[in-house]
Amino acid sequence: MTIKSICCIGAGYVGGPTMAVIAQKCPHIKVTVVDVNADRIAAWNDTELENLPIYEPGLKEVVAEARGRNLFFSTDVAAAIRESEMIFMSVNTPTKTYGNGKGQAADLKYIELCTRQIAEVAEDDKIVVEKSTLPVRTAEAIKKILANNQSNANFQVLSNPEFLAEGTAIEDLNAPDRVLIGGEQSPEGLAAIEALTAIYANWVPRERILQTNVWSSELSKLVANAFLAQRISSINSISVLCEKTDANVDEIAKAIGMDSRIGPKFLKASVGFGGSCFQKDILNLVYIARSYGLTEVADYWEQVILMNDYQKRRFAQNIITKLNNTLSGKKITLLGWAFKKDTNDTRESAAIYVADYLLNEQAELYVYDPKVSEAQMLKDLDYLGTRSPEENRGLIKKVVDVEQAVTGAHAVAILTEWDEFETYDWRMLGDLMMKPGFVFDGRNILNQQYAYDQGICLTGIGR
């Protein structure tokens, strides 16, 4: 089966870049990305590529090449479903904030709505691909809904989880470590797996395309993120011990990372991990384990989250302690709000929680981030529900100039590892701050000796 037309429901951080690269690599396939958010689709269609709704290095070049040729963005979801042979579902699956499984289970309402729309409007056979991160055995629920379609169309459901890192998503799509495709182990299911395999094989070596049953594919995504987050929490737990013993966590990470059995990746001590996947997927894994009565398994993985929360609280408390246990009326500057560099994604960013702790102490927060808007910062704080939106708007301010951000600041906290922060003239910035000039480096990007030479009172993580 040769696929000639694809649609993707969901034009977010996964759907947009993934479909853009597929369109670039497969000019013979029509790729339509649809979303009910008209503003988002308008941004994807904006002739000014700088205004794309997602910031990702290399993305605008890919969109520029494929858009209008075989890559299209639309709000007409029904038409795209009818015209496509393969449908990717890339909608949001947040952690539930209500009812059974609140705070842990994935909220699948958008997946179900998406599935029901496919069942309602599809007029012929379709291959439906799970691109969102989903709990194991979600494909079974999707198949039951699709089976009750109006036209008696036949559907095959595949799991094709994304393994993208924001900030390097285009690189990851161009040269993935692996592409995972899970499906039903029947002749029809295997044919569907091969159809999707053939698309990726246009640029990915076949030995990197793994074919599994659908359940293994769904669970592999959760497990991969859990293992990566576990490494971060592990090294962060050691950073606390380092600060008590005068050891240096960077030196320890380098030493253990040179062990070929361990490796150096994800051993960077920091204020904590963020992003849309790690916490959500681990909580989902915890919920699944508990639902099967696996208490010890659930407790083990939940500790990764607890350690991450502790690291953020500890960082904020360190600022409070160093500033004589009072922040009332003091200007605190946060450098960075995105959860990592080279993205405008703020979901579960450590900066949100550090800011919230500091605001509880009545600090006056000034924030500089090159890609995140003030509206998004306020939205993130409002979501926590710690105080009213009106209160938040009076306590935090985004500035567009770093000198303005640090002038008169009692302390500066680096919360995102943007490259430009390393290149600043810190002696000049230190002169603009209140004395002593406290800098709290939540990403360990500044050299300790350099900071000392610049007259900065630097506090890092685990050193």
For this session: Quick one: compute the contact order of segment 359-405, relative version, from alpha carbon pairs under 8 angstrom and 6+ residues apart, as a percent.
Result: 56 percent
Problem set entry | Under 29 Å from the Cα of Lys331 - lysines, other chains or at least 8 residues apart | Lys244, Lys268, Lys312, Lys322, Lys340, Lys341, Lys371, Lys379, Lys397, Lys398, Lys435
Problem set entry | Ordering of 446-458, 32-44 by packing [mean C-beta count within 10 Å, highest first] | 32-44, 446-458
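Tell me, what is the percent relative contact order of the chain, built from C-alpha pairs under 8 Å that lie six or more residues apart?
Working: 894 pairs, mean separation 54.3, N = 463.
RCO, the chain: 12 percent.
If I take every Cα pair under 8 Å that is 6 or more residues apart in segment 180-286, average their sequence separation and divide by the length, what percent do I get for the relative contact order?
Details: 95 pairs, mean separation 27.6, N = 107.
After rounding, I find 26 percent.
Rank the residues Thr386, Thr2 as a footprinting-exposure proxy: fewest other Cβ atoms within 10 Å of their Cβ go first. Spell out each step's value before the answer.
Numbers: Thr386 14, Thr2 9.
Exposure proxy ranking, most exposed first: Thr2, Thr386.
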Seminar exercise, completed: Partner lysines whose C-alpha sits under 22 Å from that of Lys143, ignoring same-chain residues fewer than 8 away, are Lys109, Lys126, Lys131, Lys221
Exercise. Per residue of the chain, what 222 nm ellipticity follows from adding -39500 (n - 2.57) for every DSSP H run with n ≥ 4, rounded to the nearest 500?
Worked result: -14000 deg cm²/dmol
Problem set entry | Relative frequency of Cα-Cα separations exceeding 43 Å in the chain, percent | 19 percent
Problem set entry | Span from the segment 293-369 Cα centroid across to the segment 259-286 one, whole angstrom | 16 Å
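Highest mean first, what order results for 83-92, 229-238 on Cβ atoms within 10 Å? Could you put the intermediate results ahead of the total?
Details: 83-92: 22.0, 229-238: 20.1.
Most protected by this proxy first, the peptides run 83-92, 229-238.
Throughout, read-outs are computed from the coordinates displayed, never taken from laboratory work. Everything quoted here is computed from the prediction, not taken from an experiment. In this analysis, Cβ positions are derived from the backbone assuming ideal geometry, glycine residues included, and neighbour counts consider all displayed protein chains.
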